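Trainee: One structure, pasted below without further comment.
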Amino acid sequence: MVRNISFMSRTADVMIIAILVISSLLCIFPIWYTIAVSFSDKSAVAGGMVSLWPVDFTLSSYKKILQEQAFFTAFGVSLKRVFLGGIINFVVCAMMAYPLSRTPKQFRPRNVYMWFIVFTMLFSGGLIPWFVTIKSYGLLDTIWALVLPSAVPVFNVILLVNYFRSIPKDMDEAGMMDGAGPWYMLLKIYLPLSVPVLATITLFSIVGHWNSFFDGLILMNKQEHYPLQTYIQQLVVQINTDNMTTEELRQMAQLSNKTLNAAKIVISMLPILVVYPFLQRFFIHGIMLGSVKE
């Protein structure tokens with residue numbers, strides 16, 4: 001293949017690279033700025049002195065967050081939520097996607113079920129019916145209230161359905177000739193061949209469960225049942241200075257809402273930043289193939 005290396009082509013390459021570099025910097029700068037703010041002194045942040053580097057370096061915000069046992073309790077709740085929610089999402093997506101990826105001749109109600117799940121993507125029952133339903137099942141103030149309502153991520157199901165459809169039909173025919181049933185086909189053939197899209201939907205599930213705070217806020221009655229994001233969101237709002245000691249008041253004087261919020265964001269990002277590199281190599285491949293409908 002002969003590559004066009006004319007002046008216009010080189011100019012286009014330079015412009016594309018410049019646009020990508022600028023876009024990358026625009027994405028990185030807010031994160032870097034947030035980290036710098038989280039390590040800066042309250043007065044420096046309030047005075048707008050922080051840009052790319054911390055001013056009057058301090059760990060006061062992190063000490064405030066980490067000094068309470070409630071932080072580690074909430075961290076454990078989030079880990080439990082991610083673990084249970086990830087497993088439930090994985091199992092439900094796989095068991096829904098396989099029959100929905102069959103032809104109407106193989107699975108006659110397929111089109112009806114597809115319309116049902118697409119309908120749920122477009123329309124919602126509303127917040128109050130959602131809350132009343134969870135309450136009627138007795139799930140309030142339990143870990144299951146955080147994982148069961150989101151057990152069926154429809155977008156992930158559609159990605160997996162389309163990926164299953166992209167697998168050659170010869171696999172089905174060979175399996176049927178060897179006497180393989182649906183469970184064997186799913187567990188031994190389809191799932192091992194679908195590692196990229198499985199890694200993609202797993203990443204979506206982990207990020208979704210880890211970053212969610214609103215459901216914990218309205219479904220949990222006790223603070224010890226809060227997931228990490230809900231706990232951090234409430235940290236500044238519920239500060240009570242009435243019973244604070246002199247040392248605690250001195251520490252609070254060194255803090256501001258901006259530095260505390262920045263520290264919250266940094267702590268919240270760390271687990272995802274650790275997990276993402278291990279799944280990133282599957283991400284683009286999985287989402288592209290899963291989004292193509294044959």
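Trainee: Would you confirm whether any residue within region 36-45 is charged (D, E, K, R), modelled with pLDDT of 80 or more, more than 30 Å from the chain's Cα centre (by Cα) and closer than 20 Å to I265 by Cα? Break it down stepwise before answering.
Mentor: The first filter runs over region 36-45 and keeps only residues charged (D, E, K, R), leaving 41-42.
Now narrow it down to the ones that are modelled with pLDDT of 80 or more: 41.
Next cut, more than 30 Å from the chain's Cα centre (by Cα) only: 41.
Now drop any that are not closer than 20 Å to I265 by Cα, which leaves 41.
Looking through region 36-45, at least one residue is charged (D, E, K, R), modelled with pLDDT of 80 or more, more than 30 Å from the chain's Cα centre (by Cα) and closer than 20 Å to I265 by Cα.
Trainee: Among the residues of region 61-110, which ones are closer than 25 Å to E173 by Cα and of a type in the set (S, T, N, Q)?
Mentor: Across region 61-110, the qualifying residues are S101, T103, Q106.
Trainee: Now for a different question. Within the set of pairs 6+ apart or on separate chains, which have a first residue in region 191-204 that is part of a helix (DSSP H, G or I), a second that is open to solvent by 20 Å² or more (accessible area, probe 1.4 Å) and modelled with pLDDT under 85, and C-beta atoms under 6 Å apart?
Mentor: Note: pairs meeting the criteria are P196/F282; P196/H285; A199/L279; A199/F282; T200/F283; T200/I287; L203/L279.
Trainee: Here's a follow-up. Quick one: in region 153-190, of everything that is part of a loop (DSSP other than H, G, I, E, B) and open to solvent by less than 70 Å² (accessible area, probe 1.4 Å), which residue is modelled with the highest pLDDT? Give the steps one after another, and end with the answer.
Mentor: At the first step, the residues of region 153-190 found to be part of a loop (DSSP other than H, G, I, E, B) are 153, 167-168, 178-181.
Applying the additional criterion that residues be open to solvent by less than 70 Å² (accessible area, probe 1.4 Å) yields 153, 167, 179-181.
Values: P153: 88, I167: 84, G179: 81, A180: 79, G181: 84.
Among those residues, the one meeting the criterion is P153.
Trainee: Among the residues of region 111-149, which ones are open to solvent by 80 Å² or more (accessible area, probe 1.4 Å), under 10 Å from L219 (Cβ atoms) and among the β-branched types (V, I, T)?
Mentor: none
Trainee: Which numbered condition in (1) open to solvent by 100 Å² or more (accessible area, probe 1.4 Å); (2) under 21 Å from the mean Cα position of the chain (by Cα) is the only one that R10 fails?
Mentor: Unmet for R10, out of (1) open to solvent by 100 Å² or more (accessible area, probe 1.4 Å); (2) under 21 Å from the mean Cα position of the chain (by Cα): (2).
Trainee: Still on this model: Out of A46, A18, report the one residue that is in contact with a helix residue (DSSP H, G or I) (Cβ under 9 Å, 6 or more places away or on another chain), exposed (fewer than 15 other Cβ atoms within 10 Å of the Cβ) and among the hydrophobic types (A, V, I, L, M, F, W, C).
Mentor: Checking each option against the conditions leaves just A46.
Trainee: Still on this structure, I have one more. Quick check on my filter: what residues within region 177-233 are among the acidic types (D, E) and within 22 Å of the chain's Cα centre (by Cα)?
Mentor: Across region 177-233, the qualifying residue is only D215.
Trainee: Considering only residues that are open to solvent by 60 Å² or more (accessible area, probe 1.4 Å), closer than 25 Å to T142 by Cα and outside any helix (DSSP H, G or I), look in region 205-240 and name the one that is modelled with the lowest pLDDT.
Mentor: This residue is Q238.
The values are calculated or read from the model by the stated rules, or taken from the named source; none is laboratory data. What you see is a predicted model; the values in this text were computed from it and never measured. Heads up, the Cβs are rebuilt from the backbone with ideal geometry, glycines too, and the neighbour counts pull from every protein chain shown. Just so you know, the surface numbers come from the protein's heavy atoms only, side chains and all, with ligands and any DNA or RNA stripped out. Shrake-Rupley method; radii C 1.70, N 1.55, O 1.52, S 1.80 Å.
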